[in-house]
Amino acid sequence: MTATAFTQDGDYLLAPPRPADRIGAAIGPRDRRRLELHAALTAAGIPPRPEDREAIESLSTLSGSVNSTIQRWLQHAL
């Protein structure tokens with residue numbers, strides 16, 4: 001069905017979402033690593049504090065393999 005298909009109630013049906021339009025597609029690698037590091041810290045029971053921002057930003061500039069290693073360390077800390 002298309003977005004112009006109307007129901008009996010007068011509403012119209014929305015087209016299904018397109019994965020390519022999601023915000024994740026627009027995020028650069030550095031920002032993705034920063035968000036993943038935030039998530040890994042939080043999952044490990046270490047919620048980042050505002051004063052941790054500089055350290056997280058610095059770690060996010062490192063390569064993806066270094067970031068993956070840090071996340072793996074945090075996962076094993078559980």
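The values are calculated or read from the model by the stated rules, or taken from the named source; none is laboratory data. These figures come from a predicted structure and were not determined experimentally. All Cβ positions, even for glycine, are placed from backbone atoms using ideal geometry, and neighbour counts span all protein chains on display. We work out accessible area using only protein heavy atoms, side chains counted, and drop any ligands, DNA or RNA first. Shrake-Rupley method; radii C 1.70, N 1.55, O 1.52, S 1.80 Å.
Each label was represented as a point 7 Å from its Cα along the Cα-to-Cβ direction; for Glu51 and Leu14 these points are 4.2 nm apart. Here, segment 20-67 has an Rg and a Dmax of 11.4, 34 Å when only alpha carbons are counted.
Positive contributions from Lys and Arg (+1) and negative ones from Asp and Glu (-1), summed over other residues with Cβ under 13 Å from the Cβ of Glu57, come out at 0.
Charged neighbours of Arg30, selected by a Cβ distance under 13 Å, balance to 0 (K, R count +1; D, E count -1). Counting heavy atoms of the protein chains alone, Thr42 has an accessible area of about 80 Å² for a 1.4 Å probe.
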